[in-house]
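Notes follow once the structure below has been shown.
The values are calculated or read from the model by the stated rules, or taken from the named source; none is laboratory data. If you're wondering where the values come from, they're calculated on a predicted model, not measured in any experiment. For neighbour counting, all protein chains shown are included, and Cβ atoms are generated from backbone atoms with ideal geometry for every residue, glycine included.
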């Protein structure tokens, strides 16, 4: 059994992670850490776990957790993770980190977009960006996984085949993305309260969302040249789900949707969680909610000579907890879909 502990277990990403781990056949949960609820039972904070997981929530004790754990999931805020993760790495404990602290190869880019001085830049060179479909071969060889962001997972996977095959103009990429409210985390902030969000849709952090730089970094690696793009996120009145509509001008104006479909199918051949829709069909958030699937639909706008890719994920699963478990499975050499091989809720 893999002995796991979760730091930040009572946030939205944390509780979804715990829910998955509770029924994972290869996992034993050792410690759940929550500074806000230390001393309470997990099932007192989330009563849906009553008689399922009644473990006590704890304050952080690095020595005890490291001694008892094969892997630690850190679902902590940016900046905080950068101070805590090195303590576990020094004790030779594997870490899967949900923050943005280890997603960048260049600490200057991180510091520019996050407005923080990086607490442990010496770990950046060894961290693996845990987008499983693209970096599967390097994941088993590291002790530190940088679990990707939600918008970034959806956007990068939507565009990776087109970028790899260089069928689009890299200077023309536009990503228009909509996210459910859980993407903002579990807080009492006014702008994500019920009355502010229900029956309302709004763009935010236009031309300045930090996931822009993460998407650019990973697509630039695939392209082997610098990519600069436009990314605009929106908040929509859903609990969970991301829909990203990605646009780019085609290099070969005569290429067909069928040819592009073949490129995508070949690129993602054998990928358990990638579902490419038949020509003419497009994904919806309800088709992936509660699952680890990535659904894509492809359209060629012949009039404007543009490629349009619509991609959906569950932001809290494939965009956070589900992908973290997928990374853990790969790290420990067990079947990738273990514990996360379920259909979407739909209703």
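Restricting to the stretch 94-127, what's the tally of residues that are crowded, with 22+ Cβ neighbours inside 10 Å and either touching a helix residue (DSSP H, G or I) at 6+ places or on another chain (Cβ under 6 Å) or assigned to a loop (DSSP other than H, G, I, E, B) (or both)?
Qualifying residue count, the stretch 94-127: 11.
Is it fair to say residue 271 is touching a residue at least 24 places away in the same chain (Cβ under 8 Å), surrounded by fewer than 18 Cβ atoms within 10 Å (Cβ to Cβ), assigned to a loop (DSSP other than H, G, I, E, B) and not assigned by TED's automatic domain parsing to the domain that holds residue 236?
No.
Of these, 255, 260, which one is in a loop (DSSP other than H, G, I, E, B) and closer than 15 Å to residue 168 by Cα?
Being in a loop (DSSP other than H, G, I, E, B) and closer than 15 Å to residue 168 by Cα holds for just one of 255, 260, which is 255.
Which of the residues spanning the stretch 207-236 are over 18 Å from residue 313 (Cβ atoms) and assigned to a loop (DSSP other than H, G, I, E, B)?
207, 208, 210, 224, 225, 226, 227, 228, 229
Can you tell me how many residues within the stretch 331-342 are in a loop (DSSP other than H, G, I, E, B) and under 18 Å from the mean Cα position of the chain (by Cα)?
The number of residues fulfilling the criteria is 7.
Could you list, in sequence order, all residues of the stretch 216-246 that are at positive phi and free of Cβ contacts under 8 Å to residues at least 60 places away in the same chain?
Listed by number, the list holds a single entry, 224.
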